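The values are calculated or read from the model by the stated rules, or taken from the named source; none is laboratory data. Since we're looking at a predicted model, the values are computed, not measured. Ideal geometry is used to build each Cβ from the backbone, glycine not excepted, and the neighbour counts take in all protein chains shown.
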Amino acid sequence: MLFKKMRRLCRIFVTFGLLISFAGQHALADRLKDMTSIAGVRSNQLVGYGVVVGLAGTGDGSSGLTLQSLQSMVSQFGLVTDASNLNAKNVASVMVTAEMPAFMKPGQRLDVTVSTISGAKSLRGGTLLMTPMLGADGETYAIAQGNLVVGGLGVAGNDGSSVIVNIPTVGRIPRGASIEKMVDTPFQSTENVLLNLHQSDFSTAMRVADAVNEVFGPEVAVPLDASTIKVRAPVDPAQKVSFVSLLENIEVDPARPAAKVIVNSRTGTIVIGGDVRVTPSVVTHGSLTVRINEDKQVTPGLPEVTQNQQGVVVAPGAAQVNDDTEIIIEEEPARAFIFDPGVELSDVVDAINGVGASPADMVAILEALREAGSLRAEIIVI
């Protein structure tokens, strides 16, 4: 028995030493915890329909949906009433949403978000009544209830003027939902741990597998594709948590990403990856400005001479109004710059900025380089 304990301690110390030496060699690398997620270990979205009461006259008013909900709620307490006898000015129909992390157990609590779906102006001061929270399968996994915390404010005057600060129609209930049912995960039942990369890359998947095998031994990790690495887990389920704890702290140098240029068409933001290269090419950039000024020119008319019994009468002539159009053309000299072999990102940016190119001009230059086959990168417009 003592020999087995000593052997187990030796294995632990050896593994710990390997992890320390491995981490020392890759002090600037990324942890697997930050690069990957474990297949089957994920959060679940919950949603429910509920009623918020206690509002200060900022509710739904005569909304048919809210009145029907009030009638149904009251009937559960043995009271019979008609919807026409109810008033929902202090009540609001809401949708309640929450995210249930993996391994949550019955009795644990969740934060919930409450949002109006009808005509309520504000949820400030309201209380959410008991609301079942459903999963994608239609089963109830949590029950939400509690007082809302609303960060927004809305004020309206009798003359129709109003002031709204932030969003008063959305509120939160910290720890407002109680878990009633656990979501089963295959973590303990599977023989392997599947690591899914956040960004798919064959080279990175291979590096992750090599790093895991360096720590735990050969053929423990096998890359399945560009996103998934299969890692053989301990046979004893009790050791799986400690195994994953060691696994997720292994550090790996990610492979260099593919060369990409990202263009945001709405904001004009351009992001150029560090691996973008340009082959030898010449770019000419210039601009042409045409400015048109419209004006009116008034010309006095010729005097009109008439003769009557009193003598000669000279009357001024009708003035003539003519259009006066001025067209000014300004053309900046075209500026040319050359990309030599092996040009990198900093050279590309310096050359384009040197000619005073705007974001739109920069996109045009990059697209022209791509069409010419000189830009070694993919242009992605988002």
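When region 156-180 is filtered for residues that are in a loop (DSSP other than H, G, I, E, B), under 23 Å from the mean Cα position of the chain (by Cα) and modelled with pLDDT of 75 or more, the ones remaining, listed by number, are I167, P168, T169. A count restricted to region 47-80 and to residues that are crowded, with 18+ Cβ neighbours inside 10 Å, at pLDDT 85 or above and in a strand (DSSP E or B) stands at 4. Using the structure shown, decide if A102 is within 30 Å of F187 (Cα to Cα) and outside any strand (DSSP E or B). Against the criterion (within 30 Å of F187 (Cα to Cα) and outside any strand (DSSP E or B)), A102 qualifies.
Taking region 193-217 as the region of interest, how many residues are exposed (fewer than 15 other Cβ atoms within 10 Å of the Cβ) and within 17 Å of V235 (Cα to Cα)? So the answer is 1.
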